[in-house]
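Below: one structure, written as structure tokens.
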Amino acid sequence: MTSRRPEILFPLFAELIGLPGIGPKSASLLERLEVTRPRDLLFTLPSGGVDRARRDTVQGAPLPGVVTVEVTVGLHQAPRSRGRPYRVFVQDAKTEFELIFFHPHVDWLQRTLPSGQRRLISGKAEIFDGRVQMPHPDYILAPEDTGDLPAFEPIYPLTQGLTQKTMTKAAQGAVALAPDLPEWIDPALVQRNGWPDWHTAVRQAHSPASQPDLAADHPARARLAYDEVFAHQLTLALARARDRKRPGVQTLGTGTKQSQVRAALPFAPTGAQERAVAEIVDDLAAPRRMNRLLQGDVGSGKTLVALMAMLAVVEAGGQAALMAPTEILARQHMEGLAPLAAQADVRVEILTGRDKGADRAAKLADLAAGRIDILLGTHALFQKDVSFHDLRLGIIDEQHRFGVRQRMDLGAKGAAVDLLVMTATPIPRSLALSNYGDMDLSVLDEKPPGRQPIETALVSADRLEAVVTRLRAAVAEGRRAYWVCPLVEESEVIAATAAEARFKTLRAALGDGAVGLVHGQMPPAEKDAAMAAFVAGDTQVLVATTVIEVGVNVPEATIMVVEGAEGFGLAQLHQLRGRVGRGGGKSTCLLMYQSPLTPSAEARLSILRETEDGFRIAEEDLKLRGAGDLLGVAQSGVPKFRIADLERQSGLIALAQSDARTFLAQDPELTSARGEAVRTALYLMEADRAIRLLSVG
Ligand code: ADP
Ligand code: MG
């Protein structure tokens, strides 16, 4: 099937020039708003509105406020001294008031407001010195022009040089081009929500008659927002449906190795861990490919879930791979998992960029021959010459550090690899649905028992000395601490330099033997040694850059100091803080900042003091930073919505996901009448990826 934009949509994808009031100049101004076709104008909705309903008099109007009133122009009064305003007295049906102008063109004023004439005036009036004044009215219209002023004036987002009037006219022109389109939303949903049809929705959204018409939950706007997220969710659902059609391998674990490891654990898995393992094991056993996201806050115990899943694969005679974003994390997994796996006679190996020469060749040979059951590693797992005997399960730890690309690369390493991605960034539901909507979801919503709350405090950098003194006391008590240096976005090298400097001062203050250092610029062997010394307790303070942000697990560490906390994102700080509070001991997190803090930075940091709930922190982070930022624009699959508000309309997104999945289950090829309508919607919403998925069939 060839895919072409339906003809009915052509006018909306034509040029802007030719719309009422739009010439080459305004067209190029509109381009700055990412408006290049009438379609884009339709989806650029008024961001506000001004009530310009006419009144007889300013008397009794709520002031300060916008009033629109017909007046008879009275006397002009030029300023008596410099810096004072020019006044024009006007009389409405009941009272006299003043129009105020600073630095006016007097000629223009006399032409526009001739004494004795009737004028319609609209603008913000206020009471000053007991008199009603209106400085610089927005509109001064002669009686014959009053038709130009709508009772409720929509306010569009603008760019320098573009006026409301031009924008309003152009938008109305685009609305006039909008055709009637067949309904693509589930009729029951439309009815239940009282949504208008698409054409009506577009018309209403551009012709608000009062403030409530501008609200996101007004039926017209809600419908248009839904259209947007529905198109996106349909894209994800199409991708998921395609994945599911690809045959997978049935991997039936016997449970024997899992039980052996379970017996060797010093603790019992949490209910949430058990649930997640069961969901994954079910997926592995099914004859289709798994594509699952395991979401769990820092410290919720994702690694154990990963291990159990990998063991199930090994029980069935297959291989599994676990990829971590950093070398440190990969090694830590190796140290944690290999001894446990050995209990079940399972061989675990690690492959990173450091493996070279004969050792590497030997590992690769073992892997290809199936003598290695579980391979841990970094990106190095993707190298061309890495081939498995029978890779059944690929796991990506800390998925937020990777792009969608890596998911696919890992998937390509086996005939029908089941995929599990794990993330500790507790992304808000709306984002999870948008970014991972093609995946199934398991959530670890329960932490292992016995964790104590972490005490979090904000400390100004001026008090560095006091912090060091406290740290010295803590070290004397045998406690262990991380000291994280400021984030330097532009350069790892600068960050490393700062860390080296801090390392020196802390060594001087706490004693040479007590302090270790780890940063991204160090030779790998030194990094390992520094981590190992800290894990063993040989050093008690570990100065680090954000290389320890993800995954690092040293349960004995109970103090986290973050320097330059104001420069980190909330989610990142939450991750850092998550490095402590992992054992039974009481933990502390000190967020040091450079004074003075801006009010917004203070608000951000305070959230961390208030809560340890990663999901709440993520919601706040999303509100403060927006979606692209939170996931990293480059790797996020989240489209920029024009109307829908990811931050506030997660309900709509969940609805769209279930609608899209249900619909596709009934009409996978989009051949029904509604299917045809949905196709049109996908073109209208420019869901290119969906269209491609449809064309390849
Ligand atoms: P994350 O989800 O952040 O990757 P980890 O898998 O690193 O968390 O687990 C954090 C810590 O909790 C580890 O020390 C791990 O051994 C421990 N842990 C995991 N599951 C449990 C459990 N059910 N009970 C007690 N401790 C657990
Ligand atoms: Mg982890």
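What list of whole percents do you get for P(r) of segment 566-625, with Cα-Cα distances grouped in 10 Å bins up to the one holding the largest distance?
Values per bin, smallest distances first: 21, 55, 22, 3.
Please give the calculated 222 nm ellipticity per residue for the chain, where each DSSP H segment of at least 4 residues contributes -39500 (n - 2.57) and the sum is spread over every residue; nearest 500 deg cm²/dmol?
On the way: 24 runs with 279 residues, N = 697.
It lands at -12500 deg cm²/dmol.
Given a 1.4 Å probe and the protein chains all in place, what does the accessible area of THR256 round to, in Å² to the nearest 10?
Counting only protein heavy atoms, the figure is 80 Å².
Quick check on the chain: what are the equivalent-ellipsoid semi-axes from the Cα gyration tensor, as sqrt(5λ), descending, whole Å?
So the three semi-axes of the chain are 58, 36, 20 Å.
How large is Rg over Rh for segment 250-289, taking Rg from the Cα atoms and Rh as the Kirkwood inverse mean of 1/r across Cα pairs?
1.03
Residue by residue through segment 653-659, which ³J(HN,Hα) values in whole Hz follow from phi under the Karplus form 6.51 cos²θ - 1.76 cosθ + 1.60 (θ = phi - 60°), with glycine and proline marked x?
5, 4, 4, 5, 5, 6, 4
What number comes out for accessible area per residue over segment 485-624 if the probe is 1.4 Å? Units Å², please.
39 Å²
First obtain the Kirkwood hydrodynamic radius of segment 256-444 from its Cα pairs, then insert it into the Stokes-Einstein equation at 10 °C and 1.306 mPa s, and state the resulting D in µm² per second as a whole number. Let's see the in-between values first.
Numbers: Rh = 16.5 Å.
In µm²/s, the coefficient rounds to 96.
Quick one: compute the contact order of segment 279-389, relative version, from alpha carbon pairs under 8 angstrom and 6+ residues apart, as a percent.
Relative contact order comes out at 28 percent.
Rounded to a whole number, what % of the accessible area of the chain do carbon and sulfur atoms account for, probe 1.4 Å?
Values: 15740 of 30380 Å².
Answer for the chain is 52 percent, counting heavy atoms of protein chains only.
Semi-axes of the equivalent ellipsoid of segment 146-253: what are they in whole Å, largest first, if each equals the square root of 5 times a C-alpha gyration tensor eigenvalue?
Equivalent ellipsoid of segment 146-253: 40, 17, 13 Å, largest first.
For the full complex of protein chains and a 1.4 angstrom probe, list PHE89, PHE615, PHE43 by accessible area with the highest value first. Before the final figure, lay out each step's value.
Values: PHE89 40, PHE615 65, PHE43 10 Å².
From most exposed to least exposed: PHE615, PHE89, PHE43.
Taking amide H positions as placed 1.01 Å from N in the peptide plane, with prolines and chain starts having none, which residues 5 or more places from LEU542, or on another chain, fall under 5 Å of its amide H?
ALA481, TYR482, TRP483, GLY516
Each label point is 7 Å from the Cα along the Cα-to-Cβ direction; what then is the distance between the points at ARG80 and LYS384, in nm?
8.9 nm
Taking a 27 Å limit on the Cα-Cα distance, which of the listed pairs LYS257/LYS302; LYS527/LYS623; LYS363/LYS413; LYS586/LYS623; LYS124/LYS165 fall beyond it?
Working: LYS257/LYS302 18 Å; LYS527/LYS623 37 Å; LYS363/LYS413 16 Å; LYS586/LYS623 31 Å; LYS124/LYS165 18 Å.
Exceeds cut-off: LYS527/LYS623; LYS586/LYS623.
Translational diffusion coefficient, Stokes-Einstein: compute it for segment 454-611 using the Kirkwood radius over C-alpha pairs as Rh, at 37 °C and 0.692 mPa s, and state it as an integer in µm² s⁻¹.
212 µm²/s
Between VAL66 and residues 5 or more places away or on another chain, which pairs have amide H atoms under 5 Å apart, with H built 1.01 Å from N, and which residues are they?
Amide H neighbours of VAL66, under 5 Å, 5+ apart: ALA125.
When the solvent-accessible surface of protein heavy atoms is calculated with a 1.4 angstrom probe, in what order do SER115, SER606 fall, highest first?
From most accessible down to least: SER115, SER606.
With each pseudo-label sitting 7 Å past Cα toward Cβ, what's the ALA665-ALA508 distance in nm, one decimal?
Going by the 7 Å Cα→Cβ label model, 6.7 nm.
At 20 °C and a viscosity of 1.002 mPa s, what translational diffusion coefficient does Stokes-Einstein give for segment 198-320, taking Rh as the Kirkwood radius over Cα pairs? Give it in µm²/s as a whole number.
My calculation gives 118 µm²/s for D.
Please list, in order along segment 85-97, the HN-Hα scalar couplings obtained from phi with the Karplus expression 6.51 cos²θ - 1.76 cosθ + 1.60 (θ = phi - 60°), rounded to whole Hz, x for Gly and Pro.
Once rounded to whole Hz, the list reads x, 8, 10, 10, 7, 10, 10, 9, 4, 10, 8, 9, 8.
Sorted from largest down, what three extents in whole angstroms do the Cα atoms of segment 418-535 have along their principal axes?
Result for segment 418-535: principal-axis Cα extents of 53, 35, 30 Å.
Amide H neighbours of SER460 under 5 Å, counting only residues 5+ apart in sequence or on other chains, H built in-plane at 1.01 Å?
For SER460, whose amide H was placed from the backbone, the distant partners under 5 Å are TYR593.
If you average the alpha carbon positions of segment 1-61 and of segment 263-283, how far apart do those two centres end up, in angstrom?
That distance is 54 Å.
In nm, to one decimal, how far is the GLN191 label point from the LYS356 one, both placed 7 Å along Cα→Cβ?
7.1 nm
Given Cα positions, please report Rg to Rh for segment 1-155, the hydrodynamic radius being the Kirkwood one. Present the calculation step by step, with values, prior to reporting the outcome.
Values: Rg = 21.2 Å, Rh = 18.5 Å.
Rg/Rh: 1.15.
From the phi angles alone, apply the Karplus equation (6.51, -1.76, 1.60; θ = phi - 60°) to segment 587-597 and give each ³J(HN,Hα) in whole Hz, x where the residue is Gly or Pro.
Listing the rounded values in order: 10, 10, 10, 9, 9, 8, 9, 8, 6, x, 7 Hz.
The values are calculated or read from the model by the stated rules, or taken from the named source; none is laboratory data. Note that the coordinates shown come from a computational prediction; the quantities given were computed from them, not determined experimentally. For neighbour counting, all protein chains shown are included, and Cβ atoms are generated from backbone atoms with ideal geometry for every residue, glycine included. Each accessible area value is taken on the protein alone, full model and side chains, heavy atoms only, with ligands, DNA and RNA left out. Shrake-Rupley method; radii C 1.70, N 1.55, O 1.52, S 1.80 Å.
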